[in-house]
1. What do you get for GluC sites (Glu not before Pro) in region 9-47 restricted to DSSP loop and a cutoff of at most 14 other Cβ within 10 Å of the site's Cβ?
2. Can you compute 3J(HN,Hα) from phi for each residue in region 61-75, using the Karplus curve 6.51 cos²θ - 1.76 cosθ + 1.60 with θ = phi - 60°, rounded to whole Hz and x for Gly and Pro?
3. Count neighbours as other Cβ atoms within 10 Å of each site's Cβ, and list the chymotrypsin sites (Phe, Trp or Tyr not before Pro) in region 1-58 that are DSSP loop with at most 14 such neighbours.
4. Looking at the chain, I'd like the Rg to Rh ratio, where Rg is from alpha-carbon atoms and Rh is Kirkwood's inverse mean 1/r.
5. Counting only heavy atoms of the protein chains, get the accessible area per residue of the chain (1.4 Å probe) and round it to a whole Å² value.
6. What trypsin sites (Lys or Arg not before Pro) in region 1-32 are in a loop by DSSP, with at most 14 other Cβ atoms within 10 Å of the Cβ?
7. Round to a whole number: what % of the accessible area of the chain belongs to carbon and sulfur, probe 1.4 Å?
8. Normalised by the number of residues in the chain, what is the relative contact order in percent for Cα pairs under 8 Å and 6+ residues apart?
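The values are calculated or read from the model by the stated rules, or taken from the named source; none is laboratory data. The model shown is predicted, which means the values in this text are computed figures rather than measured ones. When we count neighbours, we look across all protein chains shown, and the Cβ atoms used for this are built from the backbone with ideal geometry, even at glycine. Just so you know, the surface numbers come from the protein's heavy atoms only, side chains and all, with ligands and any DNA or RNA stripped out. Shrake-Rupley method; radii C 1.70, N 1.55, O 1.52, S 1.80 Å.
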Amino acid sequence: MTWRDEITRLDPRLRELVIVADHGDFWHVSFELGEEYHDAISNDLETFAFPDEMGYFDDDVAAADVPQRIVRLFS
């Protein structure tokens, strides 16, 4: 099951979510729905760092838990 499938299963309102991944020095993934978006970065695709309340990418999430995090962020 892909992240998109799991996110849609958890919250069908997010079926139009756009997920864009780009690789440079690290992986940058953006999750976009309309004008709202959230970003994450990863070095190894096993753990993804999301911005904390200060805007620093210090909030680590296991890859398997990313769909739940995205649903919470768009809620």
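1. Here the GluC sites (Glu not before Pro) that fit, given the DSSP loop and packing criteria, are Glu16, Glu35, Glu46.
2. My calculation for region 61-75 gives 9, 5, 3, 5, 9, 4, x, 5, 5, 5, 4, 5, 5, 8, 7 Hz in order.
3. Answer by residue number: Phe26, Tyr56.
4. The Rg/Rh ratio comes out at 0.94.
5. Counting only protein heavy atoms, the per-residue value for the chain is 67 Å².
6. Those satisfying the criteria are Arg15.
7. 49 percent
8. Reported relative contact order: 23 percent.
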